[in-house]
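A.B. asks: One structure coming up, written as structure tokens, with questions to follow.
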Amino acid sequence: MESQQDILIYIEENDKNEARTIAGSFADTNVKNRAYFNILGARLAGRYLASEGIAMSPVDNLHNIRKVLEELDISDVILPRTHIDVRIVFDEKYIFIPKSHFELKIQPHIYFVFLMAKDQSHVKFLGFIESSAINQELQNQEYYFVAKSQLQPPENLKSYLDNAQTSTRTELSQEELQNFEESIIDMVDNDIALLERKILLKVLTKNQELRNKFIEFENFELISYRVASEYDLQEPSDGQNEPETTEPEIEKTPQDEFEVFESADEFFENLSQTEDVKSENMYNDIDGELSAEAENNN
């Protein structure tokens, strides 16, 4: 039987420039290198999907959140019914999937596997695999490993997406959005508890508006930092005729660490009521951890 023609996706200069620009903002070399290939992989996946007539938003993805890209090995593309993550590998014998996706319960529905050419001029689309099909016994400390033979061929992708009985959409009330905005600030400030972080990340995979709020907050923080830096660089005046300033008093209300999730059972039940047929058990594990945490605190 005649084999399918290889699917090659060529890397353009603007792909490299975009990846360099974003990845270059990180100080840590390992983070910088990982982020470069994560951004590149998502861009190439987006181009392939567009060539197949599959609509997507190039900016509506979890890895577009700078804090998430910094902390996690993630290269995602979020379609209306399917969450995809992209793995760029340099040897088809070593296909690796981050364990952190599963530990944080943000694993996508499927993983694309791209093999990078030796001259880095293009990638070859080796195939894709459902996260539920990954053998978690083949692992090291950071990754699960997948054999090339386990991948579904690229020509099966269109049918898979057309028949997907999943969803990447969950609606949140304005009150819930406001609560999660507090969690966003905590995460940016590196002052977030593990459980709260897990819940925030999971909901970010399912709610576009919350992702946009996170990106808007980061953009505001960046602009504020630049303005403050420019102000600090200005020459100070001699102090004459300057208005006297006082520090404004800010009333702080004590808030329990998990007050946002007081109605956890109701909250998770509402989140699970989506068209995603697999979502009914989506938050069970996290909900169990929340209940255990509450019992320990009592």
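A.B. asks: Tell me yes or no: at least one residue of segment 142-162 is outside the structural domain of R87 (by TED's automatic domain parsing), within 20 Å of D76 (Cβ to Cβ), within 18 Å of the chain's Cα centre (by Cα) and in a loop (DSSP other than H, G, I, E, B).
C.D. replies: No: zero hits.
A.B. asks: Could you pull out every one of the strands (runs of 3 or more DSSP E) wholly within segment 1-118 that has 2 or more residues that are farther than 18 Å from K206 by Cβ and touching a residue at least 60 places away in the same chain (Cβ under 8 Å)?
C.D. replies: Of the strands (runs of 3 or more DSSP E) lying wholly inside segment 1-118, those with at least 2 residues that are farther than 18 Å from K206 by Cβ and touching a residue at least 60 places away in the same chain (Cβ under 8 Å) span 8-10, 110-116.
A.B. asks: So which residues in segment 183-211 are surrounded by fewer than 19 Cβ atoms within 10 Å (Cβ to Cβ), among the polar types (S, T, N, Q) and either in contact (Cβ under 8 Å) with a residue 24 or more places away in the chain or under 21 Å from E130 (Cβ atoms) (or both)?
C.D. replies: Listed by number, the list holds a single entry, Q208.
A.B. asks: Let me ask something else. Let me spell it out: the conditions are (1) within 25 Å of K158 (Cα to Cα); (2) surrounded by fewer than 18 Cβ atoms within 10 Å (Cβ to Cβ), and D28 meets all of them except one. Which number is the exception?
C.D. replies: (1)
A.B. asks: I've got another one for you. Against the condition under 27 Å from K16 (Cβ atoms) and touching a strand residue (DSSP E or B) at 6+ places or on another chain (Cβ under 9 Å), how does F112 come out, does it pass?
C.D. replies: yes
Every residue, every condition in (1) surrounded by fewer than 13 Cβ atoms within 10 Å (Cβ to Cβ); (2) of a type in the set (S, T, Y); (3) closer than 28 Å to L210 by Cα, yes or no:
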| position | (1), (2), (3) |
| --- | --- |
| I129 | no, no, yes |
| Q141 | yes, no, no |
| L151 | no, no, no |
| T166 | no, yes, yes |
| R169 | no, no, yes |
| E181 | no, no, yes |
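A.B. asks: Report, by residue number, each residue of segment 153-164 that is in contact with a Phe, Trp or Tyr (Cβ under 9 Å, 6 or more places away or on another chain) and either at pLDDT below 95 or surrounded by 13 or more Cβ atoms within 10 Å (Cβ to Cβ) (or both).
C.D. replies: Of everything in segment 153-164, those that are in contact with a Phe, Trp or Tyr (Cβ under 9 Å, 6 or more places away or on another chain) and either at pLDDT below 95 or surrounded by 13 or more Cβ atoms within 10 Å (Cβ to Cβ) (or both) turn out to be P153, P154, L157, Y160.
A.B. asks: When you look at I223, is it assigned to a loop (DSSP other than H, G, I, E, B), at pLDDT below 85 and of a type in the set (A, V, I, L, M), yes or no?
C.D. replies: Answer is no for this residue.
A.B. asks: Checking the condition under 14 Å from the mean Cα position of the chain (by Cα), over 25 Å from S51 (Cβ atoms) and in the same structural domain as Y48 (by TED's automatic domain parsing), which residue from K105, K206 passes?
C.D. replies: The conditions single out K105.
A.B. asks: Is it fair to say N179 is part of a helix (DSSP H, G or I) and modelled with pLDDT of 95 or more?
C.D. replies: When the stated conditions are applied, N179 does not pass them.
A.B. asks: Select from segment 119-141 the residues that are part of a strand (DSSP E or B) and over 21 Å from the mean Cα position of the chain (by Cα) and list them in ascending order.
C.D. replies: Matches in segment 119-141: H122, V123, K124, F125, L126, G127, Q139.
The values are calculated or read from the model by the stated rules, or taken from the named source; none is laboratory data. Keep in mind that this is a model prediction, so the values were computed, not measured. No Cβ is skipped: glycine too gets one built from the backbone with ideal geometry, and neighbour counts run over all protein chains shown.
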